[in-house]
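Questions regarding the structure given below will be posed in turn.
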Amino acid sequence: MIRVLLAGAGSMGQAWLEAIHADPGVTLAGVADLDLAAARRAAPGLPVGTDVAVLAAETGADAVIDVTVPPAHHPVTTTALFAGLPVLGEKPVADTLARALSLVAAAEVSGQLFMVSQSRRWNPQLFALRAMTGTLGRVGSVSTDFHRAPRFGGFREKMAQPLLVDMAIHAFDAARFLLGGDPVTVSCQTWNPPWSWYAGDACATAVFEMTGGARYLYHGSWCSPGAETSWNGEWRVSAEHGTARWDGDNDPIGPAVDAPDGRYSGIGGALRVFAEALDSGVTPMGEVHGNVLSLAMVEAAVDSATRGRPVLIDEVLARAHEQAVREETRTDVREALRGWTDVRATLGAA
Ligand SMILES: NC(=O)c1ccc[n+]([C@@H]2O[C@H](COP(=O)([O-])OP(=O)(O)OC[C@H]3O[C@@H](n4cnc5c(N)ncnc54)[C@H](O)[C@@H]3O)[C@@H](O)[C@H]2O)c1
């Protein structure tokens, strides 16, 4: 039985509470939130606090689930790791690529597991599409069409790049998983149609060259009323020996493959994988090193759209690494970051 602390009792925190309660191998030890009333509402009768390290010492918890807002991911996860607790964190790994690299180094220095939950990767239908892709020979391109018209209100309607920063990371991460490849370059344009209810750019097209030469094409909009796609988007894999398609909601269409293991689905699946990794000591999919290039795709796409030219992912990584070293406040983490001679090699292949 693993006793976890939930950090962040907001809207996604509620979904994580349900996942924790649904997993017979995991139990809730307490809730940390800057808003103590929200923490109390989330877990009546259980210990609450504003600081995960203090709450961990009080409760003797085994691990932390970080579901705070993205700017808090870096401080909360760093505190937890150096308090000796493994962390399962919501996407994105951090609010900037530089702080994501700092968290990679913090995981290395502390020796604790830090796994990022990309909930949309944990989808048996995506696993099936990946298995189909594996039978089709060399891949020419993978594309995602994402068209919806949600009215969130709140922070998303004020962000400069709401679609790329808040949503597209799911598709980018799934594309890496599907191809077993990583991004090399990106060319991206973003824009905001006249009827948009977002302040920032709600539409984007991006073409990534991936390792191995396949192209990944993303076309998305968050203000596209009518004929909406699924939240996963619509996918097409075009390969040497055929094609596979997925509407994001139903079983993919393509060559026959064995049904993948359906135990790992959504955030409940990520939680189960995390718990099993703590038990076995085996590094799970989603461990922070392997996740960071999904955030790099977002940051590079925004950079390409801003500069109006293609961008090399390695340039974006090098810049983020310099920034991470410059801004790091922990000496041990800064030394670890300085020791990296090749950021991409440190992060490892997809
Ligand atoms: N996987 C998905 O499909 C999905 C969907 C929605 C949100 N998310 C992610 O979940 C995370 C949380 O999003 P949300 O919509 O629940 O946000 P939210 O604003 O509803 O809740 C965040 C909570 O974190 C708390 N918080 C902020 N700083 C803190 C700190 N330093 N220590 C402790 N608590 C702190 C806030 O008080 C708030 O209660 C984000 O990273 C978001 O990207 C993922």
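The values are calculated or read from the model by the stated rules, or taken from the named source; none is laboratory data. Treat the numbers as computed from the prediction; the structure is a model and nothing was measured. All Cβ positions, glycine included, derive from the backbone under ideal geometry; neighbour counts span all protein chains shown. Just the protein is used for accessible areas: all its heavy atoms, side chains included, with ligands, DNA and RNA removed. Shrake-Rupley method; radii C 1.70, N 1.55, O 1.52, S 1.80 Å.
With a probe of 1.4 Å, find how much accessible area segment 269-350 has per residue, and write the answer as a whole number in Å².
47
Right, here's the next one. In whole Å, how far is the Cα centre of segment 89-154 from that of segment 181-260?
When both Cα centres are located, 14 Å separates them.
So how far apart, in nm, are the two label points at residue 263 and residue 149 if each is 7 Å from Cα heading toward Cβ?
About 4.3 nm separates the two model spin labels.
Let me ask something additional. Return the distance in nm (one decimal) between the two label points of a simple spin-label model at residue 46 and residue 249, each offset 7 Å from Cα along Cα→Cβ.
With each label point 7 Å from Cα toward Cβ, the separation is 3.3 nm.
I've got another one for you. Rounded, prolate or oblate: pick one for segment 1-148, where a ≥ b ≥ c are the square roots of the eigenvalues of its C-alpha gyration tensor, a/c under 1.5 means rounded, and failing that, prolate if a/b is larger than b/c, else oblate.
In terms of gyration-tensor shape, prolate.
Could I ask something else about it? Per the 1.4 Å probe, what fraction of the accessible area of segment 85-184, in percent, lies on carbon and sulfur atoms?
Result for segment 85-184: 50 percent of the exposed heavy-atom area is carbon or sulfur.
Suppose each label sits 7 Å from its Cα in the direction of the beta carbon; what would the residue 37-residue 329 distance come out to in nanometres?
Label-label distance for residue 37 and residue 329, simple model: 2.8 nm.
I need the GluC sites (Glu not before Pro) found in segment 218-251, filtered to DSSP loop residues with at most 15 other beta carbons within 10 Å of theirs.
228, 240
Right, another one. Quick one: which of 108-118, 84-94, 258-268 comes out on top by average Cβ neighbours within 10 Å, and what's the full order, highest first?
Final packing ranking: 84-94, 108-118, 258-268.
Name the shape class, rounded, prolate or oblate, that the alpha-carbon gyration tensor gives for segment 124-246, where a ≥ b ≥ c are the square roots of its eigenvalues, rounded holds for a/c under 1.5, and otherwise prolate holds if a/b is larger than b/c and oblate otherwise.
prolate
With a 10 Å radius around each residue's Cβ, average the other Cβ atoms per peptide and rank 200-212, 335-347, highest first.
200-212, 335-347
When the accessible area of segment 279-350 is computed with all protein chains present and a 1.4 Å probe, what percentage of it is carbon and sulfur?
Looking at segment 279-350 in its full context, I get 50 percent from C and S.
What whole-number value in Å² describes the accessible area per residue of segment 124-246 for a 1.4 Å probe?
Heavy-atom accessible area per residue stands at 40 Å².
Work out which helices of the chain, taken as complete DSSP H runs, extend at least 18 Å along their axis over the Cα atoms and score a mean Kyte-Doolittle of 1.0 or more, then list them.
Within the chain the helices that satisfy the rule are 97-110.
Here's a follow-up. Which FRET efficiency value, to the nearest 0.05, is calculated for residue 314 and residue 18 with the Förster distance at 35 angstrom and r the Cβ-Cβ distance?
0.30
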